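Here the structure comes first, spelled out in structure tokens, and everything after it is commentary.
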Amino acid sequence: MTKSTHTLHPGHVSLALLRRIHAGNVQLQLAPEARAGLLAAQATVQRIVDEDQVVYGINTGFGKLASTRIAPNRLVELQRNLVLSHSVGTGEPLPAAVVRVILATKAVSLARGHSGVRPELVDALLALANAGVMPRIPAKGSVGASGDLAPLAHLACVLIGEGLATTADGEVISGAQAMRRIGVAPFVLGPKEGLALLNGTQVSTALALAGLFGAEQVFAAGLVSGALSLEAVQGSIKPFDARVHAARGQPGQMAVAAAVRSLLEGSEIVPSHPDCGRVQDPYSIRCVPQVMGACLDNLQHAARVLQIEANAASDNPLVFDNGDVISGGNFHAEPVAFAADIIALAVAEIGAIAERRLALLLDTGLSGLPPFLVRDGGVNSGFMIAQVTAAALASENKSLAHPASVDSLPTSANQEDHVSMATFAARRLGEMVNNTAVVVGIEAMGAAQGIELKRAPTLGTGVSSLPPEGALAGLGRPGAGQRDLRSSPLIEAEFARIREKVAFLDQDRFLATDVEAMRQWALHSDWPEALQHILPSHATAA
């Protein structure tokens, strides 16, 4: 497959492009105009060295050792030792998709022209990404200030010919071999270059972006599964009336209500039960715009923060056009930690409300469907324990959603006395997204089952009837269900996609493979335009 080529304009990289980088199959190049800033900042650093000025990070120790001056003949040793001493990460290596974003955002950050590094370092970062040679970065070991030191040190190790990398075909190679793969000699780091590579929030930001992109998918899946459930229980569309949501004015709520109306446009089921006697649906159906809208607002805010951070100069100290070199704290990842925490809240709630709708489907007294969505109950348990799995994962996400940003442990002999914990805040999002994908997938599978079990209301009664015993014979094949009424074209398309993955449950069978298939369904990205245009990273142009 031919790679698409994209130019990185430091300070102006869009969420849509970051999503494409995460997805892979891209060729990245730096905007030519960025080189002037890189060279100017590098010249400033070299002038400081030549004039024997004492500036933190250039010719001093680091952290608590910042007051220790380093002799000019030991500056190369200083930078190399910094990288090696900080390579203390642990745990499984980060996924290639995340490392690709780390490489790209580190290149963007350095190319802002505030770090004082050679353009060749930026070129090497992009060359590794383009070749699919990913530094092996252990997942654990960062507190999110002073930057993602340990994980970024593992990245920097490869550039100096140390550490490990993984190729596109999964081969683990040495850092020296990785550099040979891209045709570049290992770097001998100059003044400040090691520090510039290690300082920064790129690991936390890349993990949070991966969590955001996953959250978008389960958010869209949750709207589809919710619409399927509404159809299965023959719920009311009236609570989705635009006037209701305009009266409150919350933007996410209004957008979600409009999206659900679009999903259900043209449904035969919606108008088929005007006299059913139902006054109000349970909150998990009726309050989808309010709950999912709040989730969308959170995701939108997090997306804005993360796009800014992905373009940020989060090095320390920073080099400016007039020659000033200023020590600050842009490496502190508190904005990323907060963004990750609110993504976690959204992901947990998407799963929580989906699990409640699934429970509603299984409760015959509320749904009007056979108990546990299966015929011949007793002999068959149907979706009974699938809902237990959903409940377990929804509960697990509640614990994982506890904010990481409220924690802090001092490091570096209390020099770094308040830290963000952004790296864990972002890293746990992957597990949470997978949990919610399972919950939403099970709901969608159950709702599809419910739609096939329910028949049209008997004429003049407004009461739905269930198919007689034996009427569902042969429905074990995907798409084999016989229904009196159809949902909307958009929902029918998703129904068909579900039936391509899982068959109608006419009797108990091994369901774990179905659950996994539906998890994958919930994480796909080809959602209807009615949903895609409200997702933060889909709504922006690269």
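The values are calculated or read from the model by the stated rules, or taken from the named source; none is laboratory data. Here the structure is a predicted model, which is why all the values come from computation and not from measurement. So basically every Cβ, Gly included, is an ideal-geometry build from the backbone, and we count neighbours across all protein chains shown. Heads up: the accessible areas ignore ligands, DNA and RNA and are worked out on the full protein's heavy atoms, side chains in. Shrake-Rupley method; radii C 1.70, N 1.55, O 1.52, S 1.80 Å.
Asp315 meets all of the listed conditions (1) open to solvent by less than 10 Å² (accessible area, probe 1.4 Å); (2) under 22 Å from Gly226 (Cβ atoms); (3) acidic (Asp, Glu) but one, namely (2).
Scanning region 52-71 for residues that are open to solvent by less than 90 Å² (accessible area, probe 1.4 Å) and farther than 14 Å from Ser146 by Cβ yields Asp52, Gln53, Val54, Val55, Ile58, Asn59, Thr60, Thr68, Ile70, Ala71. The criterion of being open to solvent by 10 Å² or more (accessible area, probe 1.4 Å) and within 15 Å of Ala437 (Cα to Cα) does not hold for Ile385. Filtered by the rule that a residue be part of a helix (DSSP H, G or I) and open to solvent by 10 Å² or more (accessible area, probe 1.4 Å), region 245-263 gives Ala246, Ala247, Arg248, Pro251, Met254, Ala255, Ala258, Arg261, Ser262.
Here Arg35 fulfils each of the conditions (1) surrounded by 17 or more Cβ atoms within 10 Å (Cβ to Cβ); (2) over 20 Å from the mean Cα position of the chain (by Cα); (3) assigned to a helix (DSSP H, G or I) apart from (1).
Residues in region 502-537 that are part of a loop (DSSP other than H, G, I, E, B) and of a type in the set (S, T, N, Q) were compared, and the one that is modelled with the lowest pLDDT is Ser525.
With respect to the conditions (1) in contact (Cβ under 8 Å) with a residue 24 or more places away in the chain; (2) more than 30 Å from Val305 (Cβ to Cβ), Glu396 falls short on a single one, namely (2).
Of all residues being farther than 23 Å from Pro489 by Cβ and free of Cβ contacts under 8 Å to residues at least 60 places away in the same chain in region 503-516, which is most open to solvent (accessible area, probe 1.4 Å)? Just the residue, please.
Restricting to residues being farther than 23 Å from Pro489 by Cβ and free of Cβ contacts under 8 Å to residues at least 60 places away in the same chain, the top hit is Phe510.
Look at Val49 and say whether it is modelled with pLDDT of 90 or more, crowded, with 16+ Cβ neighbours inside 10 Å and assigned to a helix (DSSP H, G or I). The answer is yes for Val49.
Only one of Arg455, Arg499 is surrounded by 14 or more Cβ atoms within 10 Å (Cβ to Cβ) and either at pLDDT 95 or above or more than 27 Å from Ala221 (Cα to Cα) (or both). Can you tell me which? Step through it out loud before you land on a result.
Numbers: Arg455 fails: either at pLDDT 95 or above or more than 27 Å from Ala221 (Cα to Cα) (or both).
None of the others qualify; the one that does is Arg499.
When region 53-74 is filtered for residues that are out of contact with any helix residue (DSSP H, G or I) (no Cβ under 7 Å at 6 or more places or on another chain) and either assigned to a helix (DSSP H, G or I) or not hydrophobic (A, V, I, L, M, F, W, C) (or both), the ones remaining, listed by number, are Gln53, Tyr56, Thr60, Gly61, Gly63, Lys64, Leu65, Ser67, Thr68, Arg69, Asn73, Arg74. Can you pull out every residue in region 11-32 that is surrounded by 15 or more Cβ atoms within 10 Å (Cβ to Cβ) and assigned to a helix (DSSP H, G or I)? Residues satisfying the conditions are Leu15, Ala16, Leu17, Leu18, Arg19, Arg20, Ile21, His22. Summed over region 390-432, residues that are assigned to a helix (DSSP H, G or I) and either among the charged types (D, E, K, R) or farther than 22 Å from Ala208 by Cα (or both) total 8.
Within region 343-365, the residues that satisfy the criterion of being at pLDDT 95 or above and touching a Pro at 6+ places or on another chain (Cβ under 9 Å) are Ala344, Leu345, Arg356, Arg357, Leu360, Leu362.
The C-beta contact set for region 78-97 (first residue surrounded by 13 or more Cβ atoms within 10 Å (Cβ to Cβ), second residue assigned to a helix (DSSP H, G or I) and among the β-branched types (Val, Ile, Thr), distance under 9 angstrom, 6+ apart or interchain) comprises Pro93/Val99; Leu94/Ile102; Leu94/Val203; Ala97/Ile21.
Can you tell me which residue among Arg304, Arg286 is of a type in the set (Lys, Arg), farther than 28 Å from Ser204 by Cβ and modelled with pLDDT of 95 or more?
Working: Arg304 fails: farther than 28 Å from Ser204 by Cβ.
After ruling out the rest, the residue left standing is Arg286.
The single residue among Ser408, Ser399, Ser367 that is under 30 Å from Pro151 (Cβ atoms), more than 23 Å from the chain's Cα centre (by Cα) and of a type in the set (S, T, N, Q) turns out to be Ser408. If you go through region 517-542 and keep only what is crowded, with 16+ Cβ neighbours inside 10 Å and under 17 Å from the mean Cα position of the chain (by Cα), you end up with Arg519, Trp521, Ala522, Leu523, Trp527, Leu531, Gln532, Ile534, Leu535, Pro536, Ser537, His538.
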